[in-house]
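The values are calculated or read from the model by the stated rules, or taken from the named source; none is laboratory data. This structure is a prediction, so every number in the text was calculated from the model and none was measured. Because the Cβ atoms are built from the backbone with ideal geometry, glycine has one as well, and the counts that use them run over all protein chains shown.
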Amino acid sequence: MYHDVEYWEPLATTIFLTENEAIANTSRYSKFTLGSESIPLPVELVSISANWLDQDNSSAIIKWVTASETNLEYFAVEYSDKPDNGEKSWHCLGTLLPIGSNNEDRDYFVFDSSPNLHSIRYYRLKSVEFDNQFELSKIVCLIPTISSNDKDILLYPNPTNGNVYIQMSENYNELLVSIYNSSGQLISEKEVIDYQKGGVISCDVHAGTSGVCLMIIKCGGEVVKTERIIIQK
């Protein structure tokens, strides 16, 4: 590789190795160093997921599958209830040793026996090498599921291409309506004070892309309703 003022660039040449020196067959006279263009990642991750284990949401399972593992010391599953607060918001749920190299996919899982029942919990996989370098997976989320029936809530239009309207059959002192996309990102939020049954709440979901979203309605920090919304654009 050769150095051209601001960056290093691969140098197509032949390197001859002798007992005491390396000789490069090149016509360039910039500073250069020996290096490799391809550094294998510690883990080739096939998939990662987070799901509820039972209907009452008392525990969850985080599963992942790897296709290859190189120089890997251990896995750590981390969770956060508020990932927007930065790295300090992430905590270790559990660690596992790698199974080791073979020609087949490897399956792993850990349990979360105390999941967050009132808001979305986020998980990620940390693959740690023997030299303490690490790689982070994509973030997956676990969404609390509280079913509601047609008598409790009226949601329209659904599917929608911009606004969605909500009517409920009970009075609430304070409501917080949050709508998340399939990646767990907040796309709309609205606070309602002194909601009277039959009143109409309007939510703007123009920021969302086409797909399935989740609406979570809280009262006093407790989840009281969840509904799925389909955005079509």
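Some observations on this one:
- Residues that are over 27 Å from residue 185 (Cβ atoms) and exposed (fewer than 10 other Cβ atoms within 10 Å of the Cβ), drawn from the stretch 79-134: 100, 102, 103, 104, 131, 132
- Of residues in the stretch 143-164 being hydroxyl-bearing (Ser, Thr, Tyr) and more than 16 Å from residue 232 (Cβ to Cβ), the one modelled with the highest pLDDT: 145
- In the stretch 172-185, the residues that are more than 22 Å from residue 123 (Cα to Cα) and either surrounded by 14 or more Cβ atoms within 10 Å (Cβ to Cβ) or among the small types (Gly, Ala, Ser) (or both): 172, 175, 176, 177
- Meets criteria (at pLDDT below 90, in contact with a Ser or Thr (Cβ under 6 Å, 6 or more places away or on another chain) and surrounded by 12 or more Cβ atoms within 10 Å (Cβ to Cβ)) for residue 68: no
- Filtering the stretch 186-208 to residues that are exposed (fewer than 12 other Cβ atoms within 10 Å of the Cβ) and touching a strand residue (DSSP E or B) at 6+ places or on another chain (Cβ under 7 Å) leaves 191, 193, 194, 197, 198, 200, 202.
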